[in-house]
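The values are calculated or read from the model by the stated rules, or taken from the named source; none is laboratory data. The model shown is predicted, which means the values in this text are computed figures rather than measured ones. Backbone-built Cβ (ideal geometry, glycine too); neighbour counts: all protein chains shown.
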Amino acid sequence: MQLQSTGFSGLPITLDRFHRDSARRTDEQTMSTLRDLLKRNHANHIVYRGFLANHMVHVLYTQWQLGADANILQHSFDVNSAELNPLPAPKIVITQSTWQNHLGDNDLYSEYLAFFEQELVTDSFDTVFHRFFPTLIPGLMGALTHPWIHIAFAVEFNDSLVLAEGLAYACTYYAPIDLSPTEDASTTPAGQFSDPLDILRAVQDDPSVKVDDNASPFSKRLNQYLQPDVLHRVNKLVNGWPLVPQEEDPQATLSRLTIAIVVLYASRANDYGPDFFQAHAVTSLLATHILLPYLSPADQVLLLRLQLHVAVMTYVTEGKGSLSVEKVKEYAKSTPRYAALCHTELDAQINETVLKSDDEHLGKVVRALDYFRRVHGEQDQLFLGARCKTVDSIGSVDDWQYRKGSS
């Protein structure tokens, strides 16, 4: 059953602006291969090596949307399944009365998957999504937003198997962050920051919002970010963004958040190269675009604030840095192999590079940036420049940066 919009008077973002283009593909061999590979992957665990995400669903659906044929999909499956592990047998039974008792237990993915599979046998996609997803929103930053992204793929492509996986993933890696107003919120009244980019600039200038840039791995920097004193200050800043959809054009609200996050990502890409963790702020932002129409206004606000938290988190943990993107805006125009191409030719060249790459994240980032261009406009070639810079940095050499100036 196709998921239906809630009908709430929140953000009226439509889903047929870009990603529904994939639904018009009629190559039955490719679609049959896609369905078979997704079903085979469903029998695998959602993580490998203890915590690394199984990106198979993300890779296959992204490639399919970008025009991959059956051979490319099969190649990606073969490459990306090499280290995946089969699901272990469930040890306990999770029910509707107990499902919230085990949130955050990384060892219960099989159990949660079995539970959500049964829920989807009993009830519709729409019912299951609305029954469980809103409760999980506060914890979607867990596993570096991968469950968030996974659920969006399920909604985008109306895939019940993937919805069961995404909800199970969100439960097992549930990591709630307190999004409630701070006790001293009166000193930062809502409306102080009309633009999320102003909040990023405030974070940039705030010496109390920091971590040890040299701490490694990323989890150490994340733990420092999540300390009460830092998180309290960030929460205070984030709550300075009014974000009241009823009082302004909701499309403008989402556009400002999108521009701010792409500025964050693109400025780092220009100075050091695309940042691996900030790339997840971009791809979870695409997930947010997909999910918003199906949420109540209150849950839309909650998800958007969480999205801004993700952006701030990746900015702080990766060493802050500049928020200037003028060179990125000029990138496509100043690079000869791009400057001479029309949009259609440029899109084809970029997609060809992406489909030749075995990188699990490149396609998702490139696709997200193109989606933003189509929905929010060119923005003086910000989205195009970021897309071209990402392809040139990652397409053939896989040179993601993992903190400021470190690959």
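If you scan the range 331-367, which residues turn out to be in a helix (DSSP H, G or I), within 29 Å of residue 74 (Cα to Cα), charged (D, E, K, R) and in contact (Cβ under 8 Å) with a residue 24 or more places away in the chain?
Residues satisfying the conditions are 356, 364, 367.
With respect to residue 150, is the statement that it is assigned to a helix (DSSP H, G or I), surrounded by 23 or more Cβ atoms within 10 Å (Cβ to Cβ) and at pLDDT 95 or above true? Break it down into steps so the answer makes sense when it comes.
On the way: assigned to a helix (DSSP H, G or I): yes; surrounded by 23 or more Cβ atoms within 10 Å (Cβ to Cβ): yes; at pLDDT 95 or above: yes.
So residue 150 fits the description; yes.
Do we find that residue 300 is crowded, with 22+ Cβ neighbours inside 10 Å and at pLDDT below 95 in this structure? Before the answer, list the steps.
On the way: crowded, with 22+ Cβ neighbours inside 10 Å: yes; at pLDDT below 95: yes.
Yes; evaluated as a whole, the condition is true for this residue.
Among the residues of the range 368-389, which ones are at pLDDT below 95 and within 23 Å of residue 77 (Cα to Cα)?
None; the set is empty.
Please identify the pairs in which a residue from the range 105-128 that is in contact (Cβ under 8 Å) with a residue 12 or more places away in the chain and within 14 Å of residue 151 (Cα to Cα) has its Cβ atom under 9 Å from the Cβ atom of a residue that is assigned to a helix (DSSP H, G or I) and acidic (Asp, Glu), counting only partners at least 6 apart or on another chain.
Hits for this filter: 113/165; 116/165; 128/119.
If you take just the helices (runs of 4 or more DSSP H) that sit entirely in the range 192-245, which of them hold at least 1 residues that are among the hydroxyl-bearing types (Ser, Thr, Tyr) and surrounded by 15 or more Cβ atoms within 10 Å (Cβ to Cβ)? Lay out the reasoning, then the answer.
Working: elements: 196-205, 218-225, 228-238.
Where helices (runs of 4 or more DSSP H) fall fully within the range 192-245 and carry at least 1 residues being among the hydroxyl-bearing types (Ser, Thr, Tyr) and surrounded by 15 or more Cβ atoms within 10 Å (Cβ to Cβ), they are 218-225.
Within the range 95-109, can you find the residues that are within 15 Å of residue 51 (Cα to Cα) and either surrounded by 13 or more Cβ atoms within 10 Å (Cβ to Cβ) or in contact with a Ser or Thr (Cβ under 6 Å, 6 or more places away or on another chain) (or both)?
First pass over the range 95-109, keeping only residues within 15 Å of residue 51 (Cα to Cα): 104-109.
104, 105, 106, 108, 109, listed by residue number.
Take the residues of the range 268-297 that are within 24 Å of residue 393 (Cβ to Cβ) and of a type in the set (Ser, Thr, Tyr): which is surrounded by the most Cβ atoms within 10 Å (Cβ to Cβ)?
284
Table: residues versus (1) within 30 Å of residue 243 (Cα to Cα); (2) modelled with pLDDT of 95 or more; (3) surrounded by 13 or more Cβ atoms within 10 Å (Cβ to Cβ).
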position: 18; (1), (2), (3): yes, no, yes
position: 23; (1), (2), (3): no, no, no
position: 42; (1), (2), (3): no, yes, yes
position: 61; (1), (2), (3): no, yes, yes
position: 72; (1), (2), (3): no, yes, yes
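Looking at this structure, is residue 375 β-branched (Val, Ile, Thr) and touching a helix residue (DSSP H, G or I) at 6+ places or on another chain (Cβ under 6 Å)? Give the derivation first.
Details: β-branched (Val, Ile, Thr): yes; touching a helix residue (DSSP H, G or I) at 6+ places or on another chain (Cβ under 6 Å): no.
In short, no.
So if I check each of 169, 109, which one is in contact with a strand residue (DSSP E or B) (Cβ under 8 Å, 6 or more places away or on another chain) and in a helix (DSSP H, G or I)?
Values: 169 fails: in contact with a strand residue (DSSP E or B) (Cβ under 8 Å, 6 or more places away or on another chain).
Every option except 109 fails the conditions.
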